[in-house]
Amino acid sequence: MNARSVRVVLASTSRYRAELLRRLLPDFEQAAPVVDEPELAGEAPRRRAERLALLKAATVAHGSEDGLVIGSDQVADIDGMVLHKPGNAVRARAQLTACSGCEVQFHTSVCVIDTRRNDHRALATDLTRVRFRELSPEEIDRYLEREQPFDCAGSFKAEALGISLFERIDTTDPTALIGLPLIALAGLLRECGLAMP
């Protein structure tokens with residue numbers, strides 16, 4: 001079955017995830033998942049990413065019977081502390097200061113729900129470890145002024161100038177850090193009958 005013969009919906013309005021998905025699929029829809037994202041006491045970052053990826057996909061898949069719904073979520077943590085999207089320069093500066101010289105783990109989960117097969121669900125999670133350089137306050141300020149990554153967990157864009165903040169990245173899938181692990185997703189789509197490539 002080729003990708004054009006089945007309806008695919010990305011349960012996200014993220015432009016980053018949409019740009020990534022276009023590498024695999026030329027045509028898909030986007031829908032905003034209406035979900036609360038509360039932190040659960042004692043919930044591990046990986047488990048949170050998996051729960052929210054599944055919840056986003058399930059919310060959009062509800063009532064649909066004719067295709068595949070893709071949900072994804074990413075949780076960044078430094079020593080167990082979750083790094084949320086900063087939203088502004090003050091919080092972004094604080095995040096990058098905390099990350100300076102440290103390793104940050106990014107748990108990126110993707111879920112595919114096949115509504116043609118009684119909401120069959122498949123889930124995969126990538127772990128990416130990012131080691132930040134020692135960053136001076138001046139470097140952080142210059143970076144934030146230039147890129148303004150206030151809608152990104154961890155306060156950087158690895159696909160752009162943010163790459164200059166790192167010593168190294170340890171990952172099995174370089175697209176996971178941007179927000180959608182395409183290697184894992186391609187495998188899940190193949191399991192659902194789509195030809196990849």
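The values are calculated or read from the model by the stated rules, or taken from the named source; none is laboratory data. In this text the structure is predicted, and so the values were computed from the model without any measurement. Note that we place each Cβ from the backbone using ideal geometry, even for glycine, and neighbour counts take in every protein chain shown.
Looking at Ala32, Ala53, Ala44, which is the one that is modelled with pLDDT under 95, under 25 Å from Ala158 (Cα atoms) and in contact with a Ser or Thr (Cβ under 9 Å, 6 or more places away or on another chain)?
Ala32
Considering the stretch 85-125 alone, what residues qualify as being within 21 Å of Thr171 (Cβ to Cβ) and loosely packed, with under 14 Cβ neighbours inside 10 Å?
Within the stretch 85-125, Gly101, Cys102 qualify.
Would you mind telling me which numbered condition in (1) modelled with pLDDT under 95; (2) farther than 23 Å from Arg15 by Cα; (3) small (Gly, Ala, Ser) Ser100 fails?
(1)
For the stretch 126-136, enumerate the residues that are buried (at least 18 other Cβ atoms within 10 Å of the Cβ) and either of a type in the set (Phe, Trp, Tyr) or farther than 12 Å from Cys99 by Cβ (or both).
If the condition is that a residue be buried (at least 18 other Cβ atoms within 10 Å of the Cβ) and either of a type in the set (Phe, Trp, Tyr) or farther than 12 Å from Cys99 by Cβ (or both), then Asp126, Thr128, Phe132 are the ones that fit.
Name the residues in the stretch 8-29 that are surrounded by fewer than 16 Cβ atoms within 10 Å (Cβ to Cβ) and under 19 Å from Asp66 (Cα atoms), would you?
Pro26, Asp27, Glu29
With the requirement that a residue be more than 20 Å from Ser14 (Cα to Cα) and touching an Asp or Glu at 6+ places or on another chain (Cβ under 7 Å), what does the stretch 133-164 give you?
The one that is more than 20 Å from Ser14 (Cα to Cα) and touching an Asp or Glu at 6+ places or on another chain (Cβ under 7 Å): Arg133.
Hey, among Glu145, Glu159, Glu139, which residue is loosely packed, with under 15 Cβ neighbours inside 10 Å and either at negative phi or more than 21 Å from the chain's Cα centre (by Cα) (or both)?
Answer to the check: Glu145.
Give, as residue ranges, the strands (runs of 3 or more DSSP E) completely inside the stretch 1-84 that count at least 1 residues that are over 20 Å from Arg190 (Cα atoms).
Counting at least 1 such residues, we get 67-78, 81-83.
Residue by residue through the stretch 31-75, note down the ones that are under 21 Å from Leu177 (Cβ atoms), surrounded by fewer than 16 Cβ atoms within 10 Å (Cβ to Cβ) and in contact (Cβ under 8 Å) with a residue 12 or more places away in the chain.
Glu37
Kindly evaluate Thr172 against the criterion of being within 18 Å of Val104 (Cα to Cα) and in a loop (DSSP other than H, G, I, E, B).
When the stated conditions are applied, Thr172 passes them.
Spot the failing condition for Ala76; the list is (1) hydrophobic (A, V, I, L, M, F, W, C); (2) under 14 Å from Ala122 (Cα atoms); (3) under 15 Å from the mean Cα position of the chain (by Cα), and only one is missed.
Failing condition for Ala76: (2).
Looking at the stretch 94-113 only, could you name the residues that are outside any helix (DSSP H, G or I) and not β-branched (Val, Ile, Thr)?
Scanning the stretch 94-113 gives Ser100, Gly101, Cys102, Glu103, Gln105, Phe106, His107, Ser109, Cys111.
Hey, can you tell me all the residues within the stretch 155-169 that are part of a helix (DSSP H, G or I) and in contact (Cβ under 8 Å) with a residue 12 or more places away in the chain?
Selection gives Leu161, Gly162, Ser164, Leu165.
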